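I have placed the structure first, in the form of structure tokens, so that the comments after it can refer back to it.
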Amino acid sequence: MINVLIVDDNPIVRAALDGFLRTSADVNVVGHAGDGHEAVVAARRYQPDVILLDHRMPVADGLSVIGTLTRYSSVLVLTSDADPALISDMLRRGARGYLVHGAFDPPELLRAVTAVAGGQGWLSPVAASAAATALREQAALQRAEDERLRRERALRARYGLTDREQEVLDLVCLGLSNASVAHRLGLTEKTVKNHLNHVFTKLRVRNRTEAVVRWTGLGGP
């Protein structure tokens with residue numbers, strides 16, 4: 001017997017899910033919750049095998065409580081939101097499955113509940129596509145960040161800049177004044193000016209404008 005807790009702020013949706021799940025001899029609906037806080041209380045009380053979790057709810061949404069809910073149960077997200085970032089966040093925070101309203105039928109829901117109860121994952125095609133998109137985007141961002149860091153390390157080594165000198169130079173490239181750089185880094189303006197003088201010497205430039213042009217032209221931030 002699979003014990004299921006239904007979490008959705010819409011009572012009509014809760015009733016529809018309850019009615020369908022009760023048609024299966026293998027599923028027992030142990031309770032309902034209308035928001036994230038109620039879901040946590042009910043999860044502690046019933047210790048269900050599976051929680052059907054909506055995302056958009058009052059008081060506390062699904063994303064804010066899923067980390068707590070996964071301590072008590074396997075979570076199957078059941079919502080109308082197909083945003084790739086949300087799907088990625090839900091999976092990263094412990095969801096075992098994700099179904100999008102309108103993109104699955106009742107038999108698939110029952111298969112998903114059974115799979116999640118057995119420790120397996122389940123993504124509807126819409127959710128799987130969105131999750132794959134999010135993963136590709138994250139991978140591309142990570143590659144870009146890795147390349148930026150590699151380029152910065154190479155530039156710093158080439159010109160002999162210290163970590164602090166590069167911090168100062170990067171902020172200058174963003175248009176900050178010496179006073180703003182000093183405030184941001186917790187330094188005195190005199191110290192910032194000294195760092196910049198060292199940077200000018202190492203980059204073989206005469207002033208901050210030439211330093212910015214040189215550094216950004218070399219591929220710096």
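Just one residue in the set ARG96, ARG92 is without any contact (Cβ under 8 Å) to a residue 12 or more places away in the chain and under 30 Å from ALA16 (Cα atoms); that residue is ARG92. Looking across LEU69, LEU86, one residue alone is crowded, with 17+ Cβ neighbours inside 10 Å, within 23 Å of SER129 (Cα to Cα) and either touching a strand residue (DSSP E or B) at 6+ places or on another chain (Cβ under 8 Å) or assigned by TED's automatic domain parsing to the domain that holds GLN120 (or both). It is LEU86. For region 33-49, the criterion of being touching a residue at least 60 places away in the same chain (Cβ under 8 Å) and either in the same structural domain as ALA112 (by TED's automatic domain parsing) or buried (at least 21 other Cβ atoms within 10 Å of the Cβ) (or both) is met by at least one residue.
Those strands (runs of 3 or more DSSP E) of region 42-134 in which 2 or more residues are of a type in the set (Ser, Thr, Tyr) and either more than 19 Å from ASN28 (Cα to Cα) or in contact with a helix residue (DSSP H, G or I) (Cβ under 8 Å, 6 or more places away or on another chain) (or both) occupy 74-79. All of (1) touching a residue at least 60 places away in the same chain (Cβ under 8 Å); (2) in contact with an Asp or Glu (Cβ under 6 Å, 6 or more places away or on another chain) hold for HIS195 with one exception: (1). Report yes if ALA134 is at pLDDT 90 or above and either under 30 Å from ALA82 (Cα atoms) or touching an Asp or Glu at 6+ places or on another chain (Cβ under 7 Å) (or both), otherwise no. Judged against the criteria, ALA134 is not a match.
The values are calculated or read from the model by the stated rules, or taken from the named source; none is laboratory data. Bear in mind that the values here come from a model prediction, so they are computed numbers and not experimental data. Cβ: placed from backbone, ideal geometry, glycine included. Neighbour counts: every protein chain shown.
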